[in-house]
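> Got a structure for you, written out below as structure tokens; questions coming shortly.
What follows is calculated from the coordinates using simple rules that are stated; it is not laboratory data. Quantities reported herein were computed from a predicted structural model and do not represent experimental measurements. Counting neighbours? That spans all protein chains shown, and the Cβs are built from the backbone with ideal geometry, glycine included.
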């Protein structure tokens with residue numbers, strides 16, 4: 001299996017002690033009531049939004065670390081990139097077209113949750129839907145979050161809709177988690 005895939009799968013069996021460095025960067029945001037409330041919203045098929053942002057954040061963390069990028073800005077923006085409080089599958093017109101609008105909603109909510117958000121983190125959140133949103137990310141860290149978001153969304157849909165992909169995911173998860181069931 002590829003390294004990116006393994007990072008994606010590992011995001012489903014993270015451990016606060018073993019992954020202390022990762023959680024130290026995001027714990028204040030991740031543990032907040034606002035971020036934890038995202039588990040109530042579906043994101044891609046059977047995956048909830050909290051699981052999605054955790055996967056994107058951990059995958060981006062591994063990539064940014066390997067590339068020598070600003071890991072802190074990468075993960076703090078990634079954990080907030082989909083911080084909106086509605087089910088985007090709902091046909092309500094006020095948030096349509098969702099793909100274009102939700103980065104701004106997420107940024108507004110991120111500013112409330114984290115008043116010390118940096119301009120780099122703001123840009124990463126606002127531009128994570130490129131190329132759907134026309135303006136690309138300004139920073140390499142933004143490209144990492146954008147690509148990880150697309151990668152994780154694709155995996156989530158495949159795992160939910162294809163039995164073979166689900167079986168391979170569960171087998172790899174069991175291997176990476178030491179045999180413990182986490183999903």
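> When the chain is modelled as a GNM with alpha-carbon springs shorter than 10 Å, which of 92, 106, 77 fluctuates the most?
Maximum among the listed residues: 92.
> Using a Förster distance of 30 angstrom, determine the FRET efficiency expected from the C-beta separation of residue 165 and residue 21, and round it to 0.05.
Here the calculated transfer efficiency is 0.50.
> Give me the one-decimal nm value for the distance between modelled label points at residue 135 and residue 67, 7 Å along each residue's Cα-to-Cβ direction.
2.0 nm
> May I pose another question? Using 0.36 nm times the number of residues separating residue 39 and residue 112, minus their current alpha carbon distance, what extension gain do you get?
24.3 nm
> I would also like to ask the following. If packing is taken as the average number of other Cβ atoms within 10 Å across a peptide's residues, how do 15-21, 79-85, 46-52, 31-37 rank, most packed first?
Peptide ranking by packing, descending: 79-85, 46-52, 31-37, 15-21.
> Run lengths n ≥ 4 of DSSP H only: what is the helix-derived mean residue ellipticity at 222 nm for the chain, with -39500 (n - 2.57) per run over all residues, to the nearest 500?
Result for the chain: -19000 deg cm²/dmol, rounded to the nearest 500.
> Right, something else. Ranking request for peptides 162-171, 114-123, 138-147, 3-12: highest mean number of other beta-carbon atoms within 10 Å first, then the rest in descending order.
The peptides rank, most packed first, as 138-147, 3-12, 114-123, 162-171.
> What is the extension gain from residue 85 to residue 175, computed as 0.36 nm multiplied by their sequence separation minus the C-alpha to C-alpha distance, in nm to one decimal?
Fully extending the segment from residue 85 to residue 175 adds 29.0 nm.
> Given points 7 Å out from each Cα along the Cα-Cβ axis, report the residue 150 to residue 104 separation in nanometres with one decimal.
Taking the simple label geometry, residue 150 and residue 104 are separated by 2.3 nm.
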